[in-house]
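Asker: Sharing a structure with you now.
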Amino acid sequence: MTTSREVHLAARPKGEPKPSDFDLVEVDVGEPAEGELLVRNVVMSVDPYMRGRMNDVKSYVPPFQLGTVLDGGAAGEVVTSRAEEFETGDLVLHGLGWRELAVGPAKGFRKVAPHDRPSAYLGVLGMPGLTAYAGLFDVAGMKEGETVFVSGAAGAVGSLVGQLAKLRGGTVIGSAGSAEKVRWLTEELGFDAAFDYRAGPVAAQLRAAAPDGVHVYFDNVGGEHLEAALGSLLPFGRVACCGMISQYNNSEPQPGPRNLALIVGKRLRLQGFIVSDHNALLPEFHREVGPALADGRIRFHETVVDGIENAPAAFIGLLRGENIGKMVVRLAS
Ligand code: NDP
């Protein structure tokens, strides 16, 4: 028997998720059949979109089912391959989520180049990285010399948005939830300005940081941040609506920004997007971000939590802002 531990959804969270909403379960994964792989996970991703999947609501991704594993991004090493294209020791990415061992058809795994930090494939070189790139350039159409405001700026997506905008000659303002994060953004990542949204009203802090207004708002947060951004956007400004994390734990829908009428007078464009619709950008994303990472023009940071048993705590911590950069769960060093 080959046993593995995995995390199941035990109950649908009401408001903020709590540890009892999750179960750590031991299962027999069996042997891979012809055409399948057995993979030992090295690192797993916890991502904000997983909160939406915990509700029993139809969305662009189906809801998680109670009593089943939480699937999502992970990277691992092939232990046994019964598929021609893979060998023992290959580093692979997959979407089978929060488990120590994964067995499945080879088509569900993607081989990637060995990396001294495989977790980079779950962050700056992976889904959150492409989200930043696609949202900033494809959706918001950011141009050289423009001023960009990004919320959730010290997270996986936001920290790359700001750095990409700087690389393209922009002026960047970020908001984040602590003085430590604000310092990281301005002192380490080169943001032109940043503020702690918990320290005062967002609108006033944004006006002070960008007195001449902003051309682009990259929205990771929604709520008060979106209202403030609408107030500071210049005519013909664009908003990439990437996420609304301030609302993910709400049980009831919240009222929208009170100043939506500004969209008309300022001729603003707000566009939601889902990263998987932009997969065609992957080659150009890697061409731009790969070399910038290698020579230090782009930096990335991770908050690492060790052990599968701590995956629920890592996820709960992510929603509370306990991460700087990408939050990952490490299963092996
Ligand atoms: P992050 O690494 O940014 O982690 C989440 C962060 O959200 C926390 O660190 C916390 O930082 C912040 N946060 C939590 N609650 C609030 C709140 N009430 N108000 C303001 N900030 C809050 O996660 P990701 O980079 O992975 O994701 C960022 C956003 O992008 C999310 O909204 C996510 O859903 C979205 N997303 C969208 C995709 C798409 O295809 N559209 C794909 C991937 C992500 P702080 O301390 O600053 O509060």
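The values are calculated or read from the model by the stated rules, or taken from the named source; none is laboratory data. This one's a predicted model, so the numbers in the text were calculated from it and none came from an experiment. Neighbour counts run over all protein chains shown; Cβ positions are idealised from the backbone, glycine included. The accessibility values were calculated without ligands, DNA or RNA, using every heavy atom of the protein model including side chains. Shrake-Rupley method; radii C 1.70, N 1.55, O 1.52, S 1.80 Å.
Asker: Just grab the label-to-label distance for Leu167 and Val57, each label 7 Å out from Cα along the Cβ direction, in nm (one decimal).
Answerer: 3.4
Asker: Which one of Val202, Met127, Ile173 is farthest out on the positive end of the charge dipole of region 49-204, using unit charges on Cβ (Lys, Arg +1; Asp, Glu -1) and the Cα centre as origin?
Answerer: With unit charges placed on the Cβ atoms, the residue in question is Val202.
Asker: For region 46-155, just say rounded, prolate or oblate: build the C-alpha gyration tensor, square-root its eigenvalues into a ≥ b ≥ c, call rounded for a/c under 1.5, and beyond that prolate if a/b exceeds b/c, oblate if not.
Answerer: Note, shape of region 46-155 comes out oblate.
Asker: Out of the total accessible area of the chain (probe 1.4 Å, heavy atoms of protein only), what percent is carbon and sulfur?
Answerer: Working: 7750 of 15010 Å².
So the carbon and sulfur contribution to the accessible surface is 52 percent.
Asker: For region 188-307, what log10 I(q)/I(0) values come out of the Debye formula at q = 0.13, 0.16, 0.20, 0.21 1/Å, with one point per alpha carbon and no solvent?
Answerer: One equal scatterer on each Cα of region 188-307 leads to -0.71, -1.02, -1.28, -1.30.
Asker: Hey, how many Å between the Cα centroid of region 101-144 and the Cα centroid of region 245-274?
Answerer: A separation of 27 Å, based on Cα centres.
Asker: Can you list, largest first and rounded to whole Å, the semi-axes you get for region 135-233 by taking the square root of 5 times each eigenvalue of its Cα gyration tensor? Don't skip to the answer; put the middle values down first.
Answerer: Details: eigenvalues 61, 47, 28 Å².
Equivalent-ellipsoid dimensions as semi-axes: 17, 15, 12 Å.
Asker: If you don't mind, another one. In nm, what is the difference between 0.36 nm times the number of residues separating Gln247 and Thr2 and their Cα-Cα distance?
Answerer: Details: separation 245, 0.36 × 245 = 88.20 nm, distance 4.06 nm.
Gain in length upon complete extension: 84.1 nm.
Asker: Here is a further query. For region 1-47, what is the convex hull (Cα atoms) projected area averaged across all directions, in square nanometres?
Answerer: Details: hull surface 18.8 nm².
Taking a quarter of the hull surface, the average projection is 4.7 nm².
Asker: May I pose another question? Calculate, for the chain, the solvent-accessible area per residue in square angstrom, rolling a 1.4 angstrom probe over the heavy atoms of the protein chains. Let's see the in-between values first.
Answerer: Details: 15010 Å² over 333 residues.
For the chain, the per-residue accessible area is 45 Å².
Asker: Given 37 °C and 0.692 mPa s, how large is the Stokes-Einstein diffusion coefficient of the chain in µm²/s, with Rh as the Kirkwood radius over Cα pairs? Present the calculation step by step, with values, prior to reporting the outcome.
Answerer: Numbers: Rh = 20.7 Å.
Estimated diffusion coefficient is 159 µm²/s.
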